[in-house]
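Inspection log for the structure reproduced underneath, given as structure tokens.
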DNA sequence: TTGTAGGCGTTATCAG
DNA sequence: CTGATAACGCCTACAA
């Protein structure tokens with residue numbers, strides 16, 4: 001008993017014209033008089049006609065849908081690095097009237113994700129680098145000739161990618177410590193920390209040889225534990241670069257709880273500049289990666305590929321040191 | 001010159017069987033022998049055949065795609081309340097193998113969002129309440145008989161909704177303040193603060209009449225300014241409930257900068273328990289709303305409606321007071 | 001500028 | 001259990 005939606009045939013016949021003319025009124029290709037187009041558009045609004053999505057995409061072989069694949073999140077841990085990029089992506093696709101799908105990339109969901117890529121439902125994908133799954137997915141897309149943009153650095157084939165200049169960001173941090181008279185540096189690494197260590201060393205310069213390296217991790221708790229290890233191994237440490245802001249926040253919390261003053265006794269710089277960074281106490285000095293811009297740029301890059309651009313080359317995102325209170 | 005994907009006709013003819021049989025091998029409806037089904041599945045993997053998404057959805061009239069509509073974000077401000085709900089939604093849809101679309105709900109994007117709802121591309125929507133746009137969108141979905149779940153309270157028609165027990169959460173906070181001997185309460189309201197004020201008053205009890213109400217807003221800066229107003233208007237204030245965690249963080253930062261001790265001089269309770277709450281200094285005492293569960297529950301509710309369930313009723317989410325260091 | 005008709009790749013229907 | 005064939009709703013040569 002439920003009535004079917006108005007389709008093009010019925011709609012056209014009510015207007016006393018052909019379906020072809022109706023179709024032309026909505027597309028940009030067909031030659032049609034401005035007058036009939038207006039009439040059709042107007043009638044479509046009053047009668048509530050819309051072209052069926054699947055029928056249209058079936059024949060045109062494109063959907064304009066963009067899919068964003070993000071790495072696994074750790075239960076209970078802040079995932080603000082990803083979410084800020086995602087909102088950047090979402091805002092940009094929305095502006096371009098591209099529907100956006102988002103998919104977590106767990107090992108268990110690989111089959112589903114591959115199906116999404118291969119069943120013809122989407123026109124392009126954006127994938128965050130850093131896991132085996134993401135690399136596999138990019139390969140799948142490549143084989144299917146599906147437009148693809150990678151966020152971050154992925155080894156192997158030359159993908160179109162939006163990359164961060166981690167090295168330079170870390171260098172800025174090292175230089176800042178050196179310039180503010182710090183002597184005993186430490187670096188807390190973790191996930192997504194490609195080239196940060198080397199950059200930090202280069203920026204710090206003369207005293208670079210005594211940099212203490214600690215493999216933190218990615219969570220607040222990791223930063224907390226890392227601080228305990230560092231202060232035990234090298235109590236004289238007076239400045240620390242953390243591979244991300246969450247680590248830095250954990251590190252600072254541990255330092256404060258041990259009676260260390262930040263930045264008095266020990267200066268701490270984070271990485272990413274997630275939005276909460278400036279509201280933390282002390283406000284975090286950090287390397288800003290322009291997370292939302294990353295999302296926007298990857299969408300724009302993908303758009304160009306989807307529009308048929310050949311040899312679209314990647315982009316590197318600028319970073320800058322944002323000096324606040326923690327260093 | 002680019003070769004078309006393998007379609008069902010070609011695939012079937014290579015196996016020497018009919019397209020109908022192939023189709024049955026992938027669905028659950030058709031009667032087919034287990035033996036041929038296995039053979040077809042196996043061959044589809046080696047030959048790389050996948051059913052075309054649009055052709056399939058055109059005839060079956062469903063896509064299984066879920067769309068999530070979220071409210072406008074404030075540029076530069078943390079949007080963690082929404083992002084944590086969104087990740088909950090995303091995780092749940094992923095588990096169910098439902099593709100998830102996400103759309104920001106700006107006034108400018110209403111046409112696009114309505115089109116998404118009306119063009120037949122999605123099977124159900126989840127909408128966060130709180131803006132004129134969200135209410136309009138829900139109405140649109142209702143008219144199109146599209147399954148819809150609302151997150152939060154939306155006046156008007158009786159939607160299927162996942163709601164928070166704001167009143168009880170705020171009551172818990174008021175009671176805690178009373179029980180810990182606080183005398184001069186203030187409440188900082190803002191967005192999404194339905195019934196919190198009344199609940200707080202009820203929980204605080206005897207001294208409820210002198211509660212100072214301040215209309216904060218929703219951002220860190222709002223919390224900061226609010227603190228300045230409150231301490232000026234009522235310096236004796238010794239406990240504050242803020243309508244969300246970001247407000248609370250801003251409030252605390254302002255209080256600390258004025259030399260007020262938290263929680264010594266003034267105890268602060270937030271609302272939502274976004275993940276960063278426990279890492280802030282001081283760690284935030286707050287009313288936990290189980291943000292990720294909200295996402296999961298709304299997906300499960302939507303699924304039931306999509307599967308044809310009639311009269312699916314909404315759910316209210318439990319909340320609890322998480323006592324940490326700020327109160 | 002407009003209409004006619006064929007085809008997009010499936011699943012549903014109805015025989016066999 | 002399997003096969004032939006008619007929808008599904010639209011776009012787009014091609015003809016008028």
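The values are calculated or read from the model by the stated rules, or taken from the named source; none is laboratory data. Being a predicted model, the structure only gives us computed values, none of them experimental. Here Cβ is always computed from backbone atoms with ideal geometry, including for glycine, and neighbour counts include all displayed protein chains.
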### Message
Among the residues in the stretch B:62-79, are any within 16 Å of DNA strand D (Cβ to nearest atom) and surrounded by fewer than 20 Cβ atoms within 10 Å (Cβ to Cβ)?
### Response
yes
### Task
Quickly run through the stretch A:9-18 and pick out the residues that are closer than 15 Å to residue A:37 by Cβ and either in a helix (DSSP H, G or I) or within 7 Å of DNA strand D (Cβ to nearest atom) (or both).
A:11, A:12, A:15
### Task
Find the residue count for the stretch A:55-68, including only residues that are in a helix (DSSP H, G or I) and more than 8 Å from chain B (Cβ to nearest Cβ).
3
### Query
Can you name the residue in the stretch B:232-244 that is touching a residue at least 12 places away in the same chain (Cβ under 8 Å) and more than 17 Å from residue B:177 (Cβ to Cβ) and, of all such residues, is surrounded by the most Cβ atoms within 10 Å (Cβ to Cβ)?
B:244
## Note on the structure
Subset of the stretch A:24-45, residues within 7 Å of DNA strand D (Cβ to nearest atom) and either more than 19 Å from residue B:120 (Cβ to Cβ) or at pLDDT 95 or above (or both), comes to A:24, A:29, A:30
### Per-region count, the stretch A:246-299, residues touching a residue at least 60 places away in the same chain (Cβ under 8 Å) and under 13 Å from the mean Cα position of the chain (by Cα)
12
### 2 or more residues in contact with a strand residue (DSSP E or B) (Cβ under 7 Å, 6 or more places away or on another chain) and at the interface with chain A (Cβ under 10 Å from one of its Cβ atoms): qualifying strands (runs of 3 or more DSSP E) within the stretch B:69-160
B:100-104
### Query
Is one or more of the residues making up the stretch A:254-270 touching a helix residue (DSSP H, G or I) at 6+ places or on another chain (Cβ under 8 Å) and closer than 21 Å to residue B:78 by Cα?
yes
### Task
From (1) within 30 Å of residue B:100 (Cβ to Cβ); (2) surrounded by fewer than 16 Cβ atoms within 10 Å (Cβ to Cβ), pick out the condition that doesn't hold for residue B:323.
(1)
### Query
What number goes with the only condition from (1) closer than 30 Å to residue B:70 by Cα; (2) free of Cβ contacts under 8 Å to residues at least 24 places away in the same chain that residue A:125 does not pass?
(2)
### Query
What number goes with the only condition from (1) without any contact (Cβ under 8 Å) to a residue 60 or more places away in the chain; (2) away from DNA strand C (no atom under 16 Å from the Cβ) that residue B:66 does not pass?
(1)
### Query
So is residue B:204 in contact with a strand residue (DSSP E or B) (Cβ under 7 Å, 6 or more places away or on another chain) and not assigned by TED's automatic domain parsing to the domain that holds residue B:304 or not?
yes
### Message
Just checking, does the stretch B:174-181 include any residue being crowded, with 22+ Cβ neighbours inside 10 Å and modelled with pLDDT under 95?
### Response
no
### Message
Out of the residues in the stretch A:20-49 meeting the condition of being surrounded by 11 or more Cβ atoms within 10 Å (Cβ to Cβ) and within 14 Å of chain B (Cβ to nearest Cβ), tell me which one is farthest from DNA strand C (Cβ to nearest atom).
### Response
A:48
## Note on the structure
Exactly one of B:156, B:203 is buried (at least 21 other Cβ atoms within 10 Å of the Cβ) and farther than 30 Å from residue A:278 by Cβ, and that residue is B:203
### Summary
The condition of being crowded, with 18+ Cβ neighbours inside 10 Å and not assigned by TED's automatic domain parsing to the domain that holds residue A:200 holds, among A:253, A:275, A:310, A:297, only for A:297
### Residue that is in contact (Cβ under 8 Å) with a residue 60 or more places away in the chain, touching a helix residue (DSSP H, G or I) at 6+ places or on another chain (Cβ under 9 Å) and either over 16 Å from residue A:295 (Cβ atoms) or not assigned by TED's automatic domain parsing to the domain that holds residue A:273 (or both), where the choices are A:48, A:88, A:76
A:88
